[in-house]
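Have a look at the structure below, then the notes.
Each value in this text was obtained by applying a stated rule to the coordinates, not by laboratory testing. Here the structure is a predicted model, which is why all the values come from computation and not from measurement. Here the Cβ is made from the backbone with ideal geometry for all residues, glycine too, and neighbour counts use every protein chain on show.
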Amino acid sequence: MDQLAPNSIPIQQNCIFHPGNKLAFIQVNEISSLPNSNIFQCVDCFEQDLQFKGANYMLIQKIIENSESDFHYKWPPLNDQQIVQNIHLKAKNLNSTQSVLDQIDSYFIQLKDEVIKKIDFAQKKAINQALEMPFGKESILKRYQQISQIQNLKSLLMQDQNKSFALYQQSCKDFIQQVELNKAKNTQLLQELLNQCDQIQQLIDFDRLNNSKIFLLDFLDQLNLFEDQSQSQVNSDNHLNNNILPQQENSKTNQLMKLISNKTNYCSEEFLNQIRQQMQKLSFFFELISFDKMNREGKKSIRFSELNDEKINSINEYVEHLIKIQDDPQHLQSVKNSLQISNILNVVDNKFNFISNNYRDNLMQYLIETYPFLKNVNTDEMFSEEQSFNILRSLETDYIKEFVKIVKKKQNLNQNQQNFDNSQTYIVQQNILESFSFEKRELENTLKQFPIFDLLLIKERSILNQLQFQKSNIFDGNQRIEIVNNMNNQFEISINETNYQGSYKTNATNCISQILQRDKKYIFRIQFEKRNDCYFMIGLMKNENFNKAWGYKDKMSYYFLLENNKMKYAGGYGIDKFVKGGKTQLLDENSTLELRVWLEGQQVEVLNYPDYSYKIEISDEYKQNLSSNDLCLFFYLYQHQQKYILKEALIVGQF
């Protein structure tokens, strides 16, 4: 409540309720709500008014005395009377006009002194640099004369003419030779002088200096302490419209703005506009920047501007995530335990995937790092048949291994019907059909899908009756080769030229079996008959070469001689690595040789049967030839009545 002021200026009006009293207060607020009320009060009215609101009244004496010299917190009526009080406080802290003028004078005097000093220093520096440069033709010519020693040549030419011509010429020649020895050095010195001349033209760039002057004067024009924001914007727009400084699309300023306004910086338009305006004012200096090597070698700026905001936000989230999993162990653990990653690893860890631990660890790390992109994937709907997945997932490792064996065997047998007809499963199938009344097609389809009997290890099984032999066309082999099934149910394969009328007698040719299965272990026991001393070859060859070349060229053959009633190693065609016995060991000519073949295990061996005192196998360098898928049993024939007797052909469980 304001205190009563002394009546230095008498108020003439008396109170209508207390005529003996002069008016002391006037109501200045909330009048509209009481249109018929009295707005004046005297001292006695004030004392008697128990509802008196001091915030709504002003002392009349104060208004009369201080209206020109002070702020009145209650006038005018406002929604917030604190505003007037705040204005009063601000005004008390402001300097007087004269004080502001003194500060302005001081600022500009100091500015002029410092600018003039800077200009004087730059002027003196430029003059000193100019004095050090070889300006003008005279300075350059003088330097040329020093390097070239042209004056020395002139002196020699002007020397005493009374000398003999020979001496005159010799002295000149000696000097020229001496200068010629310095050809490389003089070339370097004069090239440096030329470069210096070019540098002088570049250094003395008055266009650049004039641009600097324009920039400086333009900058000084903006030293306006009282320019308001609207005027500042007008001046800035005028400055841009005047095109004082270059603003081409590819200007350095625009290139810098592209870097700053990169979407990933999330700069506001207000900030970018401020930067753009200030950079345009300073664009002259930015034009001095070379952008030739802005990017690191082999790198280009990422084209974030071509991505929409959604993609940019995803990238930003991804970066924040990478930082967080690096710095926050709890966040890392929560990502590892997330539903999405757990569900994906549930599939990966299925034993049927045969995933290595190293790959799983790498995949886990990748899923953790890319989790922001993964978290929106609904992994609850991964399976078309979740129950079937869970059944397979619950299988034991040993069961899975056996299942894989069945699948591999099925793939092998399904390559063609002949493979299945030669399989153990087919043989068992025939026995089952003879003993039980199953539907043949249904049983066959089931066993083809699950050829389990081919997984069982058998001791041995004869396949002699299942072998089929082909005669090569090479040198009329198809006319000369004779294949007989003797009384012991053995194959006798020989050359019989008794009725042959062609011109290829005594020429070698091939005889082969059908293609051997890679996973089977074969044993072929063979004896040999001869009319005269001769050599034999047994082994393997490619079916595709059957009618093109002799089988031994495939380097999978055992080569030996029958002479003097002995069997003697000759070698050189692939099966040449001795395991037992040696090159000098002789076998009886009636010996039976056992050829062992397991293609999948890269095993081809020749032994004497049944002693097994002699063993030789395919050389390591030719084992790669066993990877072909069309290898056949091979016999090499070339002499009349030379005979191979295939006594046994077995498939065994192990050698």
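Tell me, what is the FRET efficiency for N186 and I116 to the nearest 0.05, using R0 = 45 angstrom and their Cβ-Cβ distance as r?
With a Förster radius of 45 Å, E is 0.40.
About the Cα centre of the chain, what is the dipole size in debye to 20, counting +1 per Lys and Arg Cβ and -1 per Asp and Glu Cβ, all else neutral?
3400
Please list, by residue number, everything in region 353-390 whose backbone N is under 13 Å from a paramagnetic label point 7 Å out along Cα→Cβ of N346.
378-390
Pulled fully out, how much extra length does the chain show between D80 and I176, if you take 0.36 nm times their separation in residues and subtract their Cα-Cα distance?
24.4 nm
Only Cα pairs under 8 Å and at least 6 apart count here; give the relative contact order of region 462-652 as a rounded whole percent.
33
Between S148 and I214, what FRET efficiency comes out of the Förster formula 1/(1 + (r/R0)^6) with R0 = 41 Å and r the beta carbon distance, rounded to 0.05?
Plugging the Cβ-Cβ distance into 1/(1 + (r/R0)^6) gives 0.40.
Short version: ³J(HN,Hα) in whole Hz for each residue of region 60-76, in order, from phi by Karplus 6.51 cos²θ - 1.76 cosθ + 1.60 (θ = phi - 60°), x for Gly and Pro, what are they?
Using θ = phi - 60°, the values come out as 4, 4, 5, 4, 5, 7, 10, 5, 9, 10, 8, 8, 10, 4, 9, 10, x Hz.
For Cα extents along the principal axes in Å, the listed values are [x] 165, 129, 41; [y] 68, 59, 51; [z] 81, 69, 55; which was obtained by calculation from the structure presented?
[x]
Over the chain, what is the mean sequence separation of C-alpha contacts under 8 Å (at least six apart), divided by residue count, expressed as relative contact order in percent?
In percent, rounded to a whole number, it is 8.
What list of ³J(HN,Hα) values in whole Hz, one per residue of region 623-629 in order, does the Karplus curve 6.51 cos²θ - 1.76 cosθ + 1.60 (θ = phi - 60°) give from phi, with Gly and Pro shown as x?
5, 5, 5, 6, 7, 5, 9
How far, in degrees from 0 to 90, does helix 229-241 lean away from the longest principal axis of the Cα atoms of the chain, to the nearest 10?
That helix lies at roughly 60 degrees to the long axis.
With the crude spin-label approximation of a point 7 Å out along Cα→Cβ, what separation in nm comes out for Q48 versus K505?
16.8
Take peptides 599-606, 396-403 and line them up by average Cβ neighbours within 10 Å, highest first, as a rough protection proxy.
Descending mean neighbour count gives 599-606, 396-403.
Which value at 222 nm does the chain reach when only helices count, each DSSP H run of 4 or more adding -39,500 (n - 2.57), with the total divided by all residues and rounded to the nearest 500 deg cm²/dmol?
Computed mean residue ellipticity for the chain: -13500 deg cm²/dmol.
Work out how much length S268 to I39 would gain on full extension: take 0.36 nm times their residue separation and subtract the Cα-Cα distance, in nm to one decimal.
Once the chain is fully extended between S268 and I39, it gains 77.0 nm.
Rounded, prolate or oblate: which one fits region 25-78, using the alpha carbon gyration tensor with axes a ≥ b ≥ c (rounded when a/c is under 1.5, else prolate when a/b beats b/c, else oblate)?
Oblate, because a/c is 1.5 or more while a/b does not exceed b/c.
Using a Förster distance of 51 Å, how high is the FRET efficiency between S627 and S334, based on the Cβ-Cβ distance and rounded to 0.05?
My answer for the efficiency is 0.50.
Sticking with the crude label model, points 7 Å out along Cα→Cβ, report the distance from I355 to N66 in nm, one decimal please.
8.3
So for each of 568-577, 68-77, 107-116 I average, over its residues, the number of other beta carbons within 10 Å; can you give me the resulting order with the highest mean first?
Peptide ranking by packing, descending: 568-577, 68-77, 107-116.
Could you line up C197, C511, C42 from fewest to most neighbouring Cβ atoms inside 10 Å?
Lowest to highest Cβ neighbour count: C197, C42, C511.
Taking 7 Å along the Cα-to-C-beta vector as the label spot, tell me the E563-R518 distance in nanometres, rounded to one decimal.
Here the modelled spin labels are 4.1 nm apart.
Could you give me the ³J(HN,Hα) list for region 594-609, computed from phi with Karplus coefficients 6.51, -1.76, 1.60 and θ = phi - 60°, whole Hz, x at Gly and Pro?
Using θ = phi - 60°, the values come out as 10, 9, 9, 9, 9, 5, 4, x, 6, 10, 9, 9, 10, 9, 8, 10 Hz.
Starting from 0.36 nm per residue, how many nanometres of slack lie between E317 and L223 once their C-alpha separation is accounted for?
29.4 nm
Taking Cα atoms of region 462-652, Rg/Rh with Kirkwood Rh, to two decimals?
0.93
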